Amino acid sequence: MNILITGGTGFIGSELRDMLLQKGHYLTIITRSPKEYDDEKANNQQFISWDDDLLPAMEEADAVINLVGENLAQPWTDEVKKRLYSSRLETTGTLVEAIKNAEHPPELMISASGISYYGDRGDDILDETEPSGDGFLPELCIEWEAAARPVEEAGVRLVIFRNGVVLEKGGGAFKYMLPVFKLGLGGSIGDGKQYFPWIHMLDVCRAIEFAITHREVTGVHNLVSPNPVTMNELVDKLGDLLNRPTFFRIPEFAVKLALGDAAAPVLDSLRAQPKKLQQ
C-alpha cells in the first residue's frame, strides 16, 4: 500500500516506519525538514515538506497515518499551550483539507489522540463509551479528534487511537525515568495510587497495522495495555528489574508547584481499557 505518514520521524513514527517498510509498504513522510532525511530515501520511502503541495501525494495514498504533535513533557507556558494545540489541530486540518480536495482520496485515515481524553477518573474503568473529562488535556483531545472527523464526509474510514503512555527503550517515558532509577533515586509521584495507562511500542505499531489491514476497524479505540498498573506498581517493578531502591517520593503539591498544569500526565489516574481492540 501507499501510506502517507505525519510524525513519521518521531518516537512512535520511526518504529512504525520500520515495521511498515518490512511489510513491503511504500511510505511518504511529511516533515518540516525533508532534506535532513536525504540519506534515508529509498525506492519505497520518500520525504516531503509541509510547504509542498500535498494533493499529489494524497491522490496516490491508500492510507494516511497522522501522528504529529508536540511533546507534552515540558513546562506548559501560554506559548507552549498554543504550540501543543497548533501542532495537533492545524496539521490535522491541513491533512483533512487535502483529503477532501483529492479526486481519489485515501480509503483510510488513522489519527492520534490521547488517553487523557477521559481526564482524572480515579479507579473508574474507562472504555471507549466513557465521556470526556475536564481540563486542558481532555479539551485538547476533544478538539484534536473533532479536527479529523470531517474526512468521514468524504467517505474515508476514520480510526482514532487514544494513545496511552508508550514504553520502549531509549525514548518516551523511559527516557526520563530510567536514568533516575538507575541512580537509585526512583520513586512514586504523588500518592502513587493513580493508574498509569501504559502500552508497549510493539503493541502500538501492531494495532496501527491491524487497523490498516482490517476494514471493519473504525471509530475511536483506546490504545493501552489491558493491564493498567498504579504508579506504585510500576515503580516497584522498575526497581526490581534494575535492582535499585524506590523509596524516594515526590509529593503531589511539589509536582504541581514545579510543573503547574503540566503535572496532569503524571498525577491523573486513568484506568483505561482497550475494549474495542480486545473485541
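Couple of notes before you dig in:
- Within segment 140-166, the set of residues being open to solvent by 60 Å² or more (accessible area, probe 1.4 Å) and either aliphatic (A, V, I, L, M) or more than 16 Å from the chain's Cα centre (by Cα) (or both) comprises Ile142, Arg149, Glu152, Glu153, Gly155.
Residue-wise test of (1) under 22 Å from Glu143 (Cα atoms); (2) out of contact with any Phe, Trp or Tyr (no Cβ under 9 Å at 6 or more places or on another chain); (3) crowded, with 18+ Cβ neighbours inside 10 Å.
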residue: Ile12; (1), (2), (3): yes, yes, yes
residue: Met19; (1), (2), (3): no, yes, no
residue: Phe47; (1), (2), (3): no, no, yes
residue: Glu60; (1), (2), (3): no, no, no
residue: Glu79; (1), (2), (3): yes, yes, no
residue: Thr92; (1), (2), (3): yes, no, yes
residue: Pro105; (1), (2), (3): no, yes, yes
residue: Ser111; (1), (2), (3): yes, no, yes
residue: Gly114; (1), (2), (3): yes, no, yes
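- Of the criteria (1) open to solvent by less than 30 Å² (accessible area, probe 1.4 Å); (2) over 13 Å from Val165 (Cβ atoms); (3) in contact with a strand residue (DSSP E or B) (Cβ under 7 Å, 6 or more places away or on another chain); (4) among the β-branched types (Val, Ile, Thr), which one Val235 fails: (3)
- If you go through segment 220-243 and keep only what is among the hydroxyl-bearing types (Ser, Thr, Tyr) and either outside any loop (DSSP other than H, G, I, E, B) or in contact with an Asp or Glu (Cβ under 6 Å, 6 or more places away or on another chain) (or both), you end up with just Thr230.
- On inspection, Val217 qualifies as farther than 27 Å from Trp76 by Cβ, outside any strand (DSSP E or B) and in contact with a helix residue (DSSP H, G or I) (Cβ under 6 Å, 6 or more places away or on another chain).
- Pairs with Cβ under 8 Å, 6+ apart, first in segment 257-279 and of a type in the set (A, V, I, L, M), second open to solvent by 70 Å² or more (accessible area, probe 1.4 Å) and part of a loop (DSSP other than H, G, I, E, B): Leu259/Pro75; Ala262/Pro75; Ala264/Asp120; Leu267/Asp120; Leu270/Asp120
- Residues (of a type outside the set (Asp, Glu), part of a helix (DSSP H, G or I) and open to solvent by 70 Å² or more (accessible area, probe 1.4 Å)) located in segment 244-258: Phe253, Lys256, Leu257, Ala258
- Residues that are hydrophobic (A, V, I, L, M, F, W, C) and open to solvent by less than 40 Å² (accessible area, probe 1.4 Å), drawn from segment 117-135: Leu126
The values are calculated or read from the model by the stated rules, or taken from the named source; none is laboratory data. Keep in mind it's a predicted model, so treat the numbers as computed, not measured. Cβ: placed from backbone, ideal geometry, glycine included. Neighbour counts: every protein chain shown. All accessible areas refer to the heavy atoms of the entire protein, side chains included, with ligands and DNA or RNA removed. Shrake-Rupley method; radii C 1.70, N 1.55, O 1.52, S 1.80 Å.
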